[in-house]
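Here the structure is laid out as structure tokens; the discussion comes afterwards.
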Amino acid sequence: MVKEFPLIIIGGGPAGLTAGIYAGRSQLKTLIIAEQPGGTIGYAHRVQNFPGFPEIGGLELANRMVEHLQKWPVELLIARVGQIIKKDDGFLVTTDQNQEYRAEVLLLALGTEKRKLGLPNEDRFLGRGLSYCALCDGQFFKNKTVAVGGGGDAAVTMALYLAEMTNKVFLISLQPELNCSPSWHQAVKNQKKIELICDNQVTELIGSENLSGIRLKNPYQQQTELPIDGLFVEIGSAPSTTLTEPLNLATDSEGFIKIKANGRTSQSGIWAAGDLTSGSNKLRQAITAAAEGAMAADDIYRYFKQKG
Amino acid sequence: MITPLNNQDFEALIKENHQPILADFWAPWCRPCQMMLPVIDQIATEYADQIKIVKIDIGEHEDLAEKFNVLSIPTFITLVHGQEDQRLIGQQTPQNLKKMLIAAIEKANG
């Protein structure tokens, strides 16, 4: 038998979990389907901009959000959603394990996926010196030389984390200067192990079995080839469109779902919140995702109240 | 059955065991590794009689990580008759892992 819910939230990061907390407080029977409860904030080395926590590990913050949700009667299913089908009376949501659920309305809080470099041999070197997760793989590069590709907050915190265990970190930014908050910029300046290479990019991955170097677009110290043991990539993220494309939601030019201030999308019965929307003026932080989740859940509650 | 690798010699474990082995290289601080825990539990139950699952904490067994050239976690390696058969790197769907296990079981029964 297909289980039915007035509201199904797809995604369990700060947006989905906050929406779940609000829905629980509103006594709205809700199911959250999340592949990763806590979401990608769990990969952040340090978080310094979530009120109430002057400095907290990303994983700890994610776990605390999940614990907070669990104080409310909201069902949390750990699964990957395989398909969303629009029906006359709502939506049919199917997981990749073929479990089926019906919802009157949906809140999409799927987050984004990390961007890759787009180089031909990227898959071959994954796990052979190329990584997208410094917290997972940094330990393999103790006392070695690594590079981080990217120049935003996430890339900079990744470089700072890696500097704690490696001999040297090249931080390679596409922009003429880092695109991070001034406090992180200062932290990079203070960390002598980090060597900043701006206005440059990785154009080739070099190595036989494992990665042994990278080629840069512009020469750095007269060389375009930089010998390294590991490359960590943090060049932003993009919304995953596999699930949302069939729903014909209006998006901006980069594929982020357009929402109104109350989280409503262009399709009736579908709200969206968090990093996959254009609602945070491109800030896309845990705090903005949580705020969007709260506003969407509140509007969904008002929708059901009005409906009676 | 999931066996955490404690102080046993991995080589001895391979020799003594005639089933294919799924070596799960992980660490407690690794988020994707934690996400894989329920999947590994499910697979351990489903393939209890056909495969041995060995969890290798890379913090405690750096030597094994180096020996198997593991530079990212989670990494899943199937061993058939003591030899590496296939490996998957990163968070996996149950379907992906099962495909790799079935290939190892078929090869072992060859």
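The values are calculated or read from the model by the stated rules, or taken from the named source; none is laboratory data. Because the structure is a prediction, the values reported are computed rather than measured. Virtual Cβ from ideal backbone geometry, glycine too; neighbours counted across all protein chains shown. With ligands, DNA and RNA removed, areas are computed over all heavy atoms of the protein, side chains included. Shrake-Rupley method; radii C 1.70, N 1.55, O 1.52, S 1.80 Å.
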Problem set entry | Contacts under 6 angstrom Cβ, first residue in segment B:62-91 being farther than 14 Å from A:Ser131 by Cβ, partner open to solvent by 10 Å² or more (accessible area, probe 1.4 Å) and part of a strand (DSSP E or B), 6 or more apart | B:Phe76/B:Leu88; B:Ile77/B:Glu84; B:Ile77/B:Arg87; B:Thr78/B:Asp85; B:Thr78/B:Gln86
Exercise. Could you say whether any residue in segment B:12-28 is acidic (Asp, Glu) and over 14 Å from the mean Cα position of the chain (by Cα)?
Worked result: yes
Exercise. If you scan segment A:9-40, which residues turn out to be within 14 Å of chain B (Cβ to nearest Cβ), crowded, with 23+ Cβ neighbours inside 10 Å and within 25 Å of A:Ser181 (Cα to Cα)?
Worked result: A:Gly13, A:Gly38, A:Gly39
For this session: May I ask you to list pairs of residues, at least six apart or on different chains, whose Cβ atoms are under 8 Å apart, with the first in segment B:25-47 being more than 19 Å from B:Leu79 (Cα to Cα) and the second being at pLDDT 90 or above and polar (S, T, N, Q)?
Result: B:Ala27/A:Gln139
For this session: Could you list, in sequence order, all residues of segment A:82-128 that are β-branched (Val, Ile, Thr) and modelled with pLDDT of 95 or more?
Result: A:Ile84, A:Ile85, A:Val93, A:Thr94, A:Val105
For this session: Of the numbered conditions (1) free of Cβ contacts under 8 Å to residues at least 24 places away in the same chain; (2) charged (D, E, K, R); (3) buried (at least 16 other Cβ atoms within 10 Å of the Cβ), B:Lys55 fails exactly one; give the number of that condition.
Result: (1)
Problem set entry | Qualifying residues in segment A:270-308 (those that are in contact with an Asp or Glu (Cβ under 7 Å, 6 or more places away or on another chain) and assigned to a loop (DSSP other than H, G, I, E, B)) - the one nearest to A:Asp252 (Cα to Cα) | A:Ser278
For this session: Go through segment A:211-243 residue by residue and tally those that are out of contact with any strand residue (DSSP E or B) (no Cβ under 9 Å at 6 or more places or on another chain) and within 14 Å of chain B (Cβ to nearest Cβ).
Result: 1
Problem set entry | Search result, residues across segment A:134-157 that are within 14 Å of chain B (Cβ to nearest Cβ) and open to solvent by less than 20 Å² (accessible area, probe 1.4 Å) | A:Ala134, A:Cys136, A:Asp137, A:Gly138, A:Phe141, A:Val146
Problem set entry | Extreme residue, nearest to B:Gly110 (Cα to Cα), among residues of segment B:6-57 that are within 14 Å of chain A (Cβ to nearest Cβ) and in a loop (DSSP other than H, G, I, E, B) | B:Ala27
Exercise. Can you name every residue in segment B:88-104 that is modelled with pLDDT of 90 or more and facing chain A (nearest Cβ under 8 Å)?
Worked result: B:Ile89, B:Gly90
Exercise. Does any residue in segment A:208-221 that is surrounded by fewer than 16 Cβ atoms within 10 Å (Cβ to Cβ) come within less than 6 Å, Cβ to Cβ, of a residue that is among the basic types (Lys, Arg) six or more places away or on a different chain, and which pairs are these?
Worked result: A:Asn210/A:Arg128
Exercise. Just to be sure, is A:Leu162 buried (at least 23 other Cβ atoms within 10 Å of the Cβ), on the phi < 0 side of the Ramachandran plot and either part of a strand (DSSP E or B) or more than 12 Å from chain B (Cβ to nearest Cβ) (or both)?
Worked result: yes
Exercise. Is it true that A:Ser208 is among the small types (Gly, Ala, Ser) and away from every other protein chain (no Cβ under 14 Å)?
Worked result: no
Seminar exercise, completed: Taking segment B:59-71 and keeping only residues that are in contact with a strand residue (DSSP E or B) (Cβ under 9 Å, 6 or more places away or on another chain) and surrounded by fewer than 23 Cβ atoms within 10 Å (Cβ to Cβ), one is left with B:His61, B:Leu64, B:Ala65, B:Phe68
Exercise. Taking into account only those residues within segment A:54-63 that are under 14 Å from A:Gln36 (Cα atoms) and either crowded, with 16+ Cβ neighbours inside 10 Å or modelled with pLDDT of 95 or more (or both), which is nearest to the other protein chains (Cβ to nearest Cβ)?
Worked result: A:Leu59
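When the residues of segment B:72-84 are filtered to those that are outside any strand (DSSP E or B) and either open to solvent by less than 10 Å² (accessible area, probe 1.4 Å) or hydroxyl-bearing (Ser, Thr, Tyr) (or both), which remaining residue is nearest to B:Asn96 (Cα to Cα)?
Filtering segment B:72-84 for residues outside any strand (DSSP E or B) gives B:72-74, B:81-82.
Checking the rest, the ones that are also either open to solvent by less than 10 Å² (accessible area, probe 1.4 Å) or hydroxyl-bearing (Ser, Thr, Tyr) (or both) come to B:72-74.
Details: B:Ser72: 18, B:Ile73: 16, B:Pro74: 14 Å.
That would be B:Pro74.
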Exercise. When segment A:112-132 is examined, which residues are found to be within 14 Å of chain B (Cβ to nearest Cβ) and either open to solvent by less than 20 Å² (accessible area, probe 1.4 Å) or among the hydroxyl-bearing types (Ser, Thr, Tyr) (or both)?
Worked result: A:Glu122, A:Phe125, A:Gly127, A:Gly129, A:Leu130, A:Ser131, A:Tyr132
